[in-house]
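Before any comments, here is the structure.
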Amino acid sequence: MRILTLARDLRRRKARERSDLFVAEGVRTLEELLASGLAIRGALVGPQLAQTPRGAALRAALDARGVEVAEVSEREFASAADTESPQGALAIAEIPEREWGDVPSAPDGRVRVVVLDGVQDPGNVGTILRTAAALGASATAAMPGTVDVWNAKVVRSAMGAHFSHPAFPSSWDAFDRFRAERGMSVWGADAKGELLGQGVAAEDRLALVVGNEGAGLSASARARVDRLVSLPIVGVESLNAAVAVGILLYELRPV
């Protein structure tokens, strides 16, 4: 039951930060985890996993990799899972060590990073991570007040994106050092900013700061942005944070 106890403990952010471990839940997420090459410490499987061919194939893949697997009852599994429909598959893996110094530049020298400023909804953060990876962002950093990027709901929503896409927590001071070293421009997403598509040309080295779903950009973010940008929308006051980030990244993609 060691794996079960550890999985229960890792529902807490402090436990994840202390141990540098995270929990991945769901068949699709575990498939991506196995493909990623990240170190897997163990897995829990519930009785429902064997009920589908895909679930049975996942169990076989875990065994083939030599992952320690603990079989538990449906009730025990639910006590460790953080999502409502975990599909009887859960794994514990090591959080990769990532920081600003690991952020890559494109071959042409361009850098795009997403900075999450107090974004608190796990589904939004997971979707932003997946979108950032899909649209070629170099990294995503989570500033103070943002949900843990290794929260199980974030991991599942990202569907494996940040197993390879650099995503990590940061302080504003660390961001300032990165900004100075790389010569980054900092743009903040704000409803009162300049409309994209109206003469706003993307910088080669750009950090896009996205604020809290309700409160917007924090004072710390506003003190650092060089420019506020917005999307031309009609009929509604604002967009979901993840939707807005997707559109902004698409508009700011290198051409």
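The values are calculated or read from the model by the stated rules, or taken from the named source; none is laboratory data. Computed from a prediction, not measured in an experiment: that's the story for all the values here. Note that we place each Cβ from the backbone using ideal geometry, even for glycine, and neighbour counts take in every protein chain shown. The accessibility values were calculated without ligands, DNA or RNA, using every heavy atom of the protein model including side chains. Shrake-Rupley method; radii C 1.70, N 1.55, O 1.52, S 1.80 Å.
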Fraction of antiparallel bridges per DSSP, the chain only, in percent to nearest 5: 30
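Please compute the Kirkwood hydrodynamic radius over region 71-120, one decimal place, Å, based on all pairs of different Cα atoms.
Numbers: mean 1/r = 0.0656 Å⁻¹.
With all distinct Cα pairs of region 71-120 included, I get 15.2 Å.
In terms of the Cα gyration tensor, with a ≥ b ≥ c the square roots of its eigenvalues, is the chain rounded because a/c is under 1.5, prolate because a/b exceeds b/c, or oblate? Walk me through the numbers before you get to the answer.
Working: a/c = 2.18, a/b = 2.02, b/c = 1.08.
Here the chain falls in the prolate category.
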Helix-derived [θ] at 222 nm for the chain: sum -39500 (n - 2.57) over DSSP H runs of at least 4, divide by residue count, nearest 500? -10000 deg cm²/dmol
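Counting only C-alpha contacts under 8 Å and six or more residues apart, can you give the relative contact order of the chain as a whole percent? Provide the component values of the computation, followed by the final result.
Numbers: 483 pairs, mean separation 49.6, N = 255.
So the answer I get is 19 percent.
Rank-order 52-64, 153-165, 90-102 by packing density, defined as the average count of other C-beta atoms within 10 Å over each peptide's residues, highest first. Kindly include the intermediate steps, with their values, before the conclusion.
Working: 52-64: 14.5, 153-165: 22.2, 90-102: 17.6.
Top of the packing list down: 153-165, 90-102, 52-64.
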When the chain is modelled as a GNM with alpha-carbon springs shorter than 10 Å, which of Leu208, Leu217, Leu239 fluctuates the most? Leu239
First check a/c for region 119-255, with a ≥ b ≥ c the square roots of the eigenvalues of its C-alpha gyration tensor; if it is under 1.5, answer rounded, and if not, answer prolate when a/b is larger than b/c or oblate otherwise. rounded
Kirkwood Rh over alpha-carbon pairs of region 1-138 plugged into Stokes-Einstein at 37 °C, 0.692 mPa s gives a D in µm²/s of 199
State, to one decimal in nm, how far the label point of Glu213 lies from the label point of Arg2, with both points 7 Å from Cα in the Cβ direction. 3.8
Heads up, I need the accessible area for Asp173: 1.4 angstrom probe, whole protein in place, Å², nearest 10. 100
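Which order, highest average first, do 67-75, 140-148 follow once you tally other Cβ atoms within 10 Å for each residue and take the mean per peptide? Walk me through the numbers before you get to the answer.
On the way: 67-75: 14.6, 140-148: 20.9.
Answer by packing, highest mean first, reads 140-148, 67-75.
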